[in-house]
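Shown next, in structure tokens, is the structure this report addresses.
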Amino acid sequence: MKQRWTSGNKITLLENGEQFFPRVFEVIAAARQEVVLETFILYEDKVGMALHAALLAAAVNGARVDVTVDAFGSPDLSDEYIASLTAAGVKIHVFDPAPKLFRRINYFRRMHRKIVVVDGVRGFVGGINYSADHLGDFGPEAKQDYSIEIEGPIVAQIRKFAYDAIAEGNPARRWYQRLRTSIASGVPKEPAVAGLADAMFVFRDNRQHKRDIERHYRVAIRLARRRVIIANAYFFPGYAFLRDLRKAARRGVEVTLILQGNPDMRIVQIAAAMLYHHLLRAGVRIYEYCDRPLHGKVALVDEEWSTVGSSNLDPLSLTLNLEANVMIRDRTFNQQLADNLQKLMRHSCKKIETADLQESSTLRQLRSFILFPLLRRFPAWAGWLPAHAPKLTPLQAEQIRNGADRLDEKAWS
């Protein structure tokens, strides 16, 4: 782990689409120099159309606008939607495109990050996609989720990362063209000090940073002295992560998990529940959030350390997908996040007790015999899956008019 803490940042918690979308669209629309955005999901619904309008406004202002979407997560954008953006000068990149017949089965090694940087001085990182199911009026399937708005020196690091990703995605371009994309001059290289928070931008890729996010989680848990609260949508971590949670609980740390009780995918709850007895027996407290599907990926340790980002604690996020989290050291932010999660536990969660688990000891022992060796080994096994060179395809308006399935795909190593 080569990342270092950067001081002088201001971090603002944004809960759900009701807080996130108005703020991020306002900032994007007011951009004067640049907007760089990455997202897993972009749907052509009311949220996607509002983003469309904000991006067009930024382009009209003269800002350079780069948007990267994941082909699996955003498979249904219309030619008209994309062409109207590219005609205005917006550069759109599709991560790992595939022919339409195979888009929905190309599941592994996705670009799962959610990042926005505007004018080099303000950023957003979190778990919220651009889709209407992050708004409460979507109904019972509306997601509970979080993002953060960031000001301060850490934004420069996020910006550089985002531009490097675009440059690396176009290896066929000449080296000086890639360097120009990475530098993207005309924006302050070091945003001014904005607050008191220390922050660290941590990402997971399939090259040199395969386990960084998990390692930061585990270091924080091992150093915990009073409390650990993790709210995560998809919870099925490896054996070492579970061992750290159990050890923390056994040395007197109050370890609390908030997991899905009203899941968007039933298999998610089934998988997590397989771990309940193992964790409860060590003193870990487990709450299931029941109001609606939990989509958050946040955590805090003691009174200072916190994290918000895109990474779940499951095999896909920990060993395959491209993810990004911000680690935060700030007592004010930590308390704000703690108050939010404790409110969820009081009003919207069911606490799981050992008596609630209906299974025989024989079945539990058999499952443990099979399950925990799997958990020990899945990071290594995941590496056996095809580590293909993902593709980042830039879309042009005339390509869209000729049909999205005839794109010229370029390899991205």
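Read-outs throughout are calculated quantities, based only on the coordinates presented, and are distinct from any laboratory measurement. Just so it is clear, the structure is predicted and the values come from calculations on it, not from any experiment. All Cβ positions, even for glycine, are placed from backbone atoms using ideal geometry, and neighbour counts span all protein chains on display.
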* Asked: What ranking, highest mean first, results for peptides 134-141, 304-311 when packing means the other Cβ atoms within 10 Å averaged over each residue?
  -> 304-311, 134-141
* Straight-distance crosslink candidates among aspartates and glutamates, where the alpha carbon sits under 15 Å from Lys2 and sequence neighbours closer than 8 are dropped -> Asp205, Asp212, Glu214
* Structure fact -> Taking a straight Cα-to-Cα line shorter than 13 Å from Lys351, and setting aside same-chain aspartates and glutamates fewer than 8 residues away, one finds Glu288
* Asked: For Asp45 and Gln3 in one chain, what is 0.36 nm times their gap in residues minus the Cα-Cα distance, to one decimal in nm?
  -> 11.4 nm
* Just order 37-49, 265-277 by mean Cβ neighbour count inside 10 Å, highest at the front, would you? => 37-49, 265-277
* Leaving out same-chain residues fewer than 8 places away, which aspartates and glutamates sit with a Cα under 14 Å from that of Lys160? -> Glu34, Glu38, Asp66, Asp119, Glu168, Glu190
* **Stretchable slack from His347 to Ser78, in nm (0.36 nm times residue separation minus alpha-carbon distance)** => 92.8 nm
* Asked: Based on the Kirkwood radius over alpha-carbon pairs, what value in µm²/s does the Stokes-Einstein equation return for the translational diffusion coefficient of region 222-329 at 25 °C and 0.890 mPa s?
  -> 175 µm²/s
* **Relative contact order (%) - region 216-315, alpha-carbon pairs under 8 angstrom, separation at least six** => 39 percent
* Take the cross-link list Lys114/Lys210; Lys247/Lys297; Lys114/Lys350 and give me the ones stretching past 25 Å between alpha-carbons. => Lys114/Lys350
* **Percent of alpha-carbon pairs separated by more than 19 Å within region 31-83** => 24 percent
